[in-house]
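One structure is given here, and the rest of the page talks about it.
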Amino acid sequence: MSEPYALCVIFPVKPEHADEFATLVRENVAGTRKDKGVVTFNDHQVVGETTWILYEIWESKADSDAHRQKPDVQAFFAKAPRLLAGEPKVFQLGEII
């Protein structure tokens, strides 16, 4: 059995694109929650900022990798650079203690 795979992705969004990004990310999250291997997939906006955080737990790294290859996810990341104030930061998280 493979080990769970957890990520935190931070998106610094340009203030003028906050509403558009919010819509885009929520559509992505709603679709992703149906993907094979999702344990948890949540989006959060940092209070008082135009920064969003995705918190993801997958049954395996392979499930996360397969998710990133889906056309809707590829389309999300193709649109994101125009909306972002910088590169997304991706952190792999250790096991939950």
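Taking first residues from the stretch 60-81 that are free of Cβ contacts under 8 Å to residues at least 12 places away in the same chain and partners that are surrounded by 10 or more Cβ atoms within 10 Å (Cβ to Cβ), no Cβ contact under 6 Å between residues at least 6 apart in sequence or on separate chains turns up.
Filtered by the rule that a residue be within 13 Å of LEU7 (Cα to Cα) and exposed (fewer than 14 other Cβ atoms within 10 Å of the Cβ), the stretch 75-97 gives LYS89, VAL90, PHE91, GLN92, LEU93, GLY94, GLU95, ILE96.
From the list ASP72, ASP63, ASP19, the lone residue that is closer than 18 Å to GLU3 by Cβ, of a type outside the set (Gly, Ala, Ser) and part of a helix (DSSP H, G or I) is ASP63. A single entry from GLY37, GLY31, GLY48 fulfils the requirement of being touching a residue at least 24 places away in the same chain (Cβ under 8 Å), over 15 Å from TYR5 (Cα atoms) and of a type in the set (Gly, Ala, Ser): GLY31. For the stretch 1-29, a residue qualifies if it is more than 15 Å from the chain's Cα centre (by Cα) and either of a type in the set (Lys, Arg) or modelled with pLDDT of 95 or more (or both), and the qualifying residues are LYS14, PRO15, GLU16, HIS17, ALA18, ASP19, GLU20. Candidates in the stretch 1-22 are the residues that are of a type in the set (A, V, I, L, M, F, W, C) and farther than 18 Å from ALA78 by Cα; of these, the one that is surrounded by the most Cβ atoms within 10 Å (Cβ to Cβ) is ALA6. Within the stretch 23-63, the set of residues being surrounded by fewer than 13 Cβ atoms within 10 Å (Cβ to Cβ) and at positive phi comprises just one member, GLY48. How about the stretch 64-74: which of its residues are loosely packed, with under 11 Cβ neighbours inside 10 Å and under 15 Å from LYS34 (Cβ atoms)? The one that is loosely packed, with under 11 Cβ neighbours inside 10 Å and under 15 Å from LYS34 (Cβ atoms): PRO71. Being part of a loop (DSSP other than H, G, I, E, B) and charged (D, E, K, R) is a description that does not apply to GLU56.
Would you confirm, using the coordinates I've provided, whether ILE10 is closer than 17 Å to VAL90 by Cα, part of a strand (DSSP E or B) and touching a His at 6+ places or on another chain (Cβ under 6 Å)? No.
The values are calculated or read from the model by the stated rules, or taken from the named source; none is laboratory data. Because the structure is predicted, anything quoted here is derived from the model rather than measured. All Cβ positions, even for glycine, are placed from backbone atoms using ideal geometry, and neighbour counts span all protein chains on display.
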